[in-house]
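Read the structure below first, then the notes.
What follows is calculated from the coordinates using simple rules that are stated; it is not laboratory data. This one's a predicted model, so the numbers in the text were calculated from it and none came from an experiment. When we count neighbours, we look across all protein chains shown, and the Cβ atoms used for this are built from the backbone with ideal geometry, even at glycine.
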Amino acid sequence: MLRKKLLVGLAIAVLSCTGFAQDGPIKFPADYKTTYTNYLNLDRTQNDDQIIRLYANDIAVKGMKENGQFPYGSVLIGEVYKAKNDASGKVITSALGRRIIDKLAVIAVMEKQPGWGANFPEALKNGDWDFATFKPDGSVAKKDLNSCRACHSPLTSTQHTFSSEHLK
């Protein structure tokens, strides 16, 4: 386990220096709110102060419904919101125990295209998916995308996604 963590850390450091960490081929899909399917909204399990809304384009939805696979051209979007906090900084929850949405923090995009990710080290491969992050205005958010790649990489049984079963 320690060896794998060291290898992932080394891969992230190397790729950060070679340009893979920031900019890639994914463009901001400005029309996603009107043309994509919002298929899931939930309190984000990885971060206890965030809420996420997930969207999929028609290609992803059709592929998952027809044969349970994300075909090339699939795009998944996660709108990541900060949760509202009280005066002491504690996350506010509703009577249902759910976090309350505050400001949109980042828009994360996963896109699947042939050969994408082929040059990544094994610890960061995600099939042919790659990642991008954008600010709410659609401009590129400078984020180390290798943390996204490393988190999704082990999810081989769900095609490197956390939510594929919600599209079937």
| task | Would you mind ranking Thr37, Thr45 so that the residue whose beta carbon has the fewest other beta carbons within 10 Å leads the list? | result | Thr45, Thr37
| Separation in nanometres of the label points that stand 7 Å from Cα toward Cβ, at Lys65 and Thr37 | 0.5
| field | Tyr72 paired with Glu122, simple spin-label distance in nm, labels 7 Å along Cα-to-beta-carbon | value | 2.6
| Using a Gaussian network for the chain with springs between C-alpha atoms less than 10 Å apart, which of these wobbles most: Glu79, Glu122, Glu111? | Glu122
| query | Just Arg98, Arg149, Arg44 to compare: in a GNM of the chain, with alpha carbon springs under 10 Å, which one fluctuates most? | reply | Arg98
| remark: Computed Rg/Rh for the chain (Cα atoms; Rh = Kirkwood radius) stands at 0.98
| In Å, what is the Rg of the alpha-carbon atoms in the stretch 86-168, and how long is Dmax? | 16.2, 48
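Quick check: residue separation of Asn85 and Asp48 times 0.36 nm, minus the Cα distance between them. What number comes out in nm?
12.2 nm
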| task | Quick one: what are the phi-derived ³J(HN,Hα) couplings along the stretch 127-139, Karplus 6.51/-1.76/1.60 with θ = phi - 60°, whole Hz, x for glycine and proline? | result | x, 10, 8, 9, 10, 8, 10, 10, 6, x, 7, x, 6
| said: Run the helix sum for the chain: -39,500 (n - 2.57) per DSSP H stretch of 4+ residues, divided by residue count, reported at 222 nm to the nearest 500 deg cm²/dmol. | reply: -7000 deg cm²/dmol
